[in-house]
Amino acid sequence: MKKILFLLLILPGLLLAQNHETNIKLIFETELSQGHTYQNLRYLTKKIGHRLAGSPGAAASVEWTRQLMESYGFDTVYLQPVMVPHWERGGKDVVKIVNSSKHGTVELNALALGNTQGTGPKGLVGELIEVKSIEELRALGEKVKGKIVFFNGPMDPRKVDAFQAYGGANAQRSSGAGEASKLGAIGTLVRSLSPTVNDIPHTGNQRYNPDFPKIPAIAISTADAELLSDLLEDQPDLRVYLESHGEMKPDQLSYNVIGELWGSEKPEEIIAVGGHLDSWDVGEGAHDDGAGCIQAIEVLRLYKSMGWKPKRTLRAVMWMNEENGLRGGQEYAKVAKAKGEKHIAAIESDSGGFLPTGFTSTGTEAQRAKLQSWGDLLLPYQLWNLDKPGGGADIGPLRDQGPILIGLKPDSQRYFYLHHTEADVFEAVDQRELELGAAAMAALVYLIDQEGI
Ligand SMILES: [Zn+2]
C-alpha cells in the first residue's frame with residue numbers, strides 16, 4: 001500500500017517531465033521542418049513593406065494579420081481600436097556642409113528623426129557646435145544659442161550587450177532636440193545609433209519639450225558624423241544647410257490585432273505573446289519588428305497544427321505604434337484592466353529575428369525562479385540565458401497587473417547595424433534563426449501553459 005502511494009506521488013511528476021521534453025522536441029522539430037514564419041515574414045515585408053502608425057502600410061498590415069490568424073482557425077481574432085499619432089516625413093531630408101574650405105559643399109547621408117517638425121522647403125543654415133552628450137550640451141549653456149547642435153556620442157563599443165550600448169547613447173536622439181531648443185539652438189544633427197561606421201542613417205523617435213520651439217532634428221550616418229567632426233576641428237566656422245519636411249498630422253484610428261486559443265482548464269488565465277506591428281517608414285521593418293509579430297502568430301499556429309489544446313488562454317498580440325508613441329501597448333493594458341483580465345505572463349519578441357539565446361524577465365522572485373527552473377528543458381536548444389532582467393516596451397504597461405514580463409533574448413550583435421534603417425529588410429533575416437526564435441517562444445509558452453507561473 002505504502003509502495004503504491006509512493007508511486008502515485010512521484011509518477012505524475014516523472015510523466016510530466018518526460019512529456020515536457022518530448023513536447024518541446026516536437027515543437028522544435030515541427031517548426032524547423034514545417035514552419036510558416038519565413039513565408040509569413042516575406043509577405044509582411046515584401047508585399048506590405050514598412051508600416052509606420054497611421055500609414056497605409058500599417059492599415060494593410062492590420063488587415064493582413066487579422067486574415068492570416070483567421071485562416072489558421074484560431075478561436076477568435078479581433079481588432080482592438082486605438083488612436084495613434086500620425087507623423088509623415090513629407091519628403092527627402094537634406095543635410096549639406098556649405099562652406100568647407102577643403103571640400104566646398106558636401107552632402108551628408110541624413111534621415112530626420114520621427115515626430116520632428118520639418119524646416120520647410122527653404123531649409124535653414126547655421127553654424128555648428130559639437131557635443132558628445134546631453135550633459136556636455138547643458139554645460140555649454142548660452143553658447144548654444146542660434147547654433148545647430150551636433151550630437152556626436154558614439155555607442156560604447158566596450159559594452160558586450162548591444163542594447164546597453166544603445167541605451168547609453170540613446171538620450172541624444174530621444175531628447176536632444178528638446179534640450180537644445182531650451183538653450184536657444186535652431187536645429188540638431190545626431191550621430192546615428194550604430195556600433196559601426198558606415199553611410200546608413202538611422203531614424204528613431206524623439207520627444208520635444210512642449211514649452212520650447214520644435215526645432216528640426218536630423219540623424220546623419222556614423223561615417224558622416226566622423227567626417228563632420230574632423231572638418232569642424234580644422235574649421236570651427238563650418239556651416240550646414242538643413243532641410244526636412246516632417247509634420248505631425250491629427251491622431252488617427254488604428255488597431256492592435258489579437259488572436260486567441262481559448263484555454264480548456266483555466267481559460268481566464270491569459271498568456272500573451274507578441275510583437276509590434278508598426279515599423280519606421282524606411283526599410284521593411286523585418287527585424288524590427290515584423291519578426292516578433294510573425295513569431296507570435298506562429299506560437300499559436302504550432303499549437304493548432306499539432307492538435308494541442310492549451311490549458312490556459314493563449315493570445316497573440318500585434319501591438320500598434322511602439323515606435324513613435326507606444327499607444328497600442330498602453331491601450332492594451334488599459335483595456336485588460338478595465339475588463340478585469342488576468343494575464344499571468346506577457347512575452348514580447350522585439351530584439352530582432354536573430355538566433356535566440358534565452359529570455360529576459362521582470363517579475364516577482366517566485367516568477368523568475370520558475371522561469372529559471374526550466375533551464376534544463378531549454379538548454380538543449382541553446383536557450384541558456386534566463387537570468388537577465390528585461391521584458392519589452394509594449395508589455396511594460398501591464399506591469400502593475402502582475403504578470404511576469406518576458407522578452408525573447410536573441411544574439412543582437414548585428415541588430416543595431418539595421419535598426420530603424422533602409423537596411424532592415426527581409427533579406428537581412430535568416431530563416432533558421434527566425435524559426436528557432438518562434439520555437440523558443442512556443443516552448444516557453446507551452447511550459448507556462450502547462451505549469452503556470
Ligand atoms: Zn521594435
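Coordinate-derived values only; no laboratory data. None of these values were measured; they are calculated from a predicted model. As a convention, Cβ positions derive from the backbone with ideal geometry for all residues, glycine included, and neighbour counts pool all protein chains shown.
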Computed magnitude of the charge dipole of the stretch 277-349 (debye, nearest 20; Cβ of K, R +1, Cβ of D, E -1): 900 debye
Folded to 0 to 90 degrees: helix 291-305 orientation relative to the chain principal axis, Cα: 10 degrees
Percentage of interatomic Cα-Cα distances in the stretch 31-176 larger than 22 Å: 64 percent
Normalised contact order of the chain, rounded percent, pairs of Cα under 8 Å and 6 or more residues apart: 21 percent
Where trypsin sites (Lys or Arg not before Pro) fall in DSSP loop in the stretch 280-357, at most 10 other Cβ within 10 Å: 339
Euclidean distance of C-alpha centroids, the stretch 332-349 and the stretch 374-409, integer Å: 16 Å
Inter-probe distance in nm under a simple model that places probes 7 Å from Cα toward Cβ, at residue 70 and residue 209: 4.9 nm
Sparsely packed trypsin sites (Lys or Arg not before Pro) within the stretch 143-204, loop by DSSP, other Cβ within 10 Å at most 15: 145, 158, 159
The stretch 74-130 and the stretch 159-185: distance between their alpha carbon centers, rounded to Å: 16 Å
Ellipsoid semi-axes in whole angstrom, largest first, where each is sqrt(5λ) of the Cα gyration tensor of the stretch 92-245: 21, 19, 15
Per-q log10 I(q)/I(0), the stretch 237-338, q = 0.10, 0.14, 0.19, 0.20 Å⁻¹ (Debye; single scatterer per alpha-carbon; no solvent): -0.39, -0.65, -0.99, -1.06
Proxy reagent accessibility, fewest Cβ within 10 Å first, across 419, 36, 86, 103: 103, 36, 86, 419
Positive dipole terminus of the chain, leading residue within 401, 150, 81 (C-beta point charges): 401
Inter-centroid distance (Cα atoms) of the stretch 243-263 relative to the stretch 283-316, Å: 20 Å
Size of charge dipole - the chain - debye, nearest 20, with Cβ of Lys, Arg +1 and Asp, Glu -1, no other charges: 940 debye
Over 28 Å between alpha carbons, listed pairs 159/249; 122/145; 47/334; 25/370; 214/337: 159/249; 47/334; 214/337
Hydrodynamic radius of the stretch 173-290 per Kirkwood, over alpha carbon pairs, in Å: 18.1 Å
Cα-Cα P(r), the chain, percent of pairs per 20 Å interval: 25, 51, 21, 3, 0
